[in-house]
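Heads up, the thing below is written out as structure tokens.
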Amino acid sequence: DTLAAPNAYVRASETADYVRSKLPEVLQKPKVAIVCGSGLGGLVDTIDAEPKVELAYSTIPNFPRSTVQGHAGNFVFGTIGPQKTPVALLVGRAHFYEGHTIDLVTFATRVCRLLGVETMIVTNAAGGLNENYEVGDIVCLNDHLNLAGLVGIHPLRGPNIDEFGVRFPPLSDAYDLDLRRRTHEAWKKLGLDQQKRKLHEGVYAFVGGPSYETRAECRMLRSLGADVVGMSTVPEIIVARHAGVRVLAFSLVTNKAVLDAGSRGNDEAIQTMSKSELEEHLNKGKANHQEVLDAGREAAKDMQALVKQILSDLHEG
Ligand code: HPA
């Protein structure tokens, strides 16, 4: 039973020891962890070519295996920026919808903490709910709606692990203000404010997936105050905050969630439009995994530049 099994502290310590044993001394204490979302694995190109160590998730004890197309599944260690800051990248993440327990979804975050990580930058692909967002825009998260968590699917459920943090951690300041401020500065410094891709601040709604949301669900999430919706990130952020890790999170808007009611709520359309007109109307904006990956590829370069700039500035003071 879950209460008798070795707790996440014991398991994460074992994994951290293993990982450390595979790393040269300069990489053993990563300061920053970067979680690469769908199609954002290119973030690994921001680290120095040497020294670099890649560990496949499948070789790491206790690690969940990623099963989604487009998620490679590598724990990568290297240095980045002028200060050669040691970093750890999680290329590919475990999602709840894959069938992993919520505990396993956040396991890597805990391993990062035990390795010494102080700051975590989490990226994801998300559907845009805010009408002002376009595909390819980047959203710096300033809050979240943990829909699964509010009904008990929560990574901190169970006996509290005191080695990591307190029983009832606050989350009102989860998204680090200083890091967000630095993000906007870095965006301008890179001249990215001069192009059409926008940087927003917004609220992320975490849903279990794997089906994309219905139109009615999109309207519900929007009316609850969400700007983007996705199937990851929030559990990791909660576990990171529980353990005192500073958090910065970005969503890449890979599709616009459909808010209009389509044929529902429109009695006339269903009676007067031809079948093909109706189908075309309904297919508009329909989310699909390929679209999500394509948008990721194009915007990934800006996201990479942004993350690199933030990290360089961070260690200048
Ligand atoms: N909904 C949920 N998750 C997503 C979406 C979406 O529209 N796009 C990318 N990830």
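Maximal additional length on extending the Y18-Q194 stretch stands at 58.8 nm, based on 0.36 nm per residue less the C-alpha distance.
Each residue, S172 and E217, gets one label point 7 Å from its Cα in the Cβ direction; the gap between the two is 3.1 nm. Surface composition of the chain: carbon and sulfur make up 51 percent of the accessible area, probe 1.4 Å.
So which of K52/K301; K196/K284; K284/K308; K52/K188; K286/K308; K52/K256 end up more than 28 Å apart, counting from Cα to Cα?
K284/K308; K52/K188; K286/K308; K52/K256
For the range 119-232, the fraction of C-alpha pairs farther apart than 22 angstrom is 42 percent.
Taking other residues whose beta carbon is less than 14 angstrom from the beta carbon of L90, and scoring Lys, Arg as +1 and Asp, Glu as -1, yields +2.
For the chain, a Gaussian network of Cα nodes joined below 10 Å ranks H144, H281, H95 by mean-square fluctuation, and the top entry is H281. Its residue count N sets the reference 2.2 N^0.38 Å, and the alpha-carbon radius of gyration of the chain equals 1.02 times that reference.
Calculated [222 nm] ellipticity per residue, helices only, for the chain: -9500 deg cm²/dmol; basis is -39500 (n - 2.57) per DSSP H run with n ≥ 4, divided by all residues, nearest 500. Looking at the chain, the accessible area is 46 square angstrom per residue; that uses a 1.4 Å probe and ignores ligands, DNA and RNA.
Looking at the chain, what % of its DSSP beta bridges pair antiparallel, to the nearest 5?
Here the share of antiparallel DSSP bridges comes out near 35 percent.
Considering the chain as a Gaussian network with a 10 Å cut-off on Cα pairs, which listed residue, A33, A49, A300, attains the greatest mean-square fluctuation? Taking springs between Cα atoms under 10 Å, the residue moving most is A49.
For the chain, the longest principal axis of the C-alpha atoms and the axis of helix 8-21 are separated by about 70°. Among D178, D103, D227, the largest mean-square fluctuation in a Gaussian network model of the chain, built with springs joining Cα atoms closer than 10 Å, belongs to D178. Our coupling estimate for the range 34-47, obtained by passing each phi through the Karplus curve with A = 6.51, B = -1.76, C = 1.60 and θ = phi - 60°, is 10, 9, 9, x, 3, x, 10, x, x, 4, 5, 5, 7, 8 Hz, Gly and Pro reported as x. For the range 21-117, the Cα-based Rg and Dmax, in that order, read 12.9, 40 Å. When the alpha carbon gyration tensor of the range 108-156 is reduced to an equivalent ellipsoid, its three semi-axes come out at 26, 18, 8 angstrom, largest first.
The candidates I80, I270, I153, arranged from most to least accessible area with a 1.4 Å probe in the full protein assembly, appear as I270, I153, I80. Once backbone amide H atoms are built at 1.01 Å from N, H144 has Y204 as its partners under 5 Å, excluding neighbours fewer than 5 places away on the same chain.
The values are calculated or read from the model by the stated rules, or taken from the named source; none is laboratory data. The structure presented is a predicted model; accordingly, all values stated were derived computationally and were not measured. We place every Cβ from the backbone using ideal geometry, glycine too, and count neighbours over all the protein chains shown. Only protein heavy atoms, including side chains, enter the accessible area calculation; ligands, DNA and RNA are left aside. Shrake-Rupley method; radii C 1.70, N 1.55, O 1.52, S 1.80 Å.
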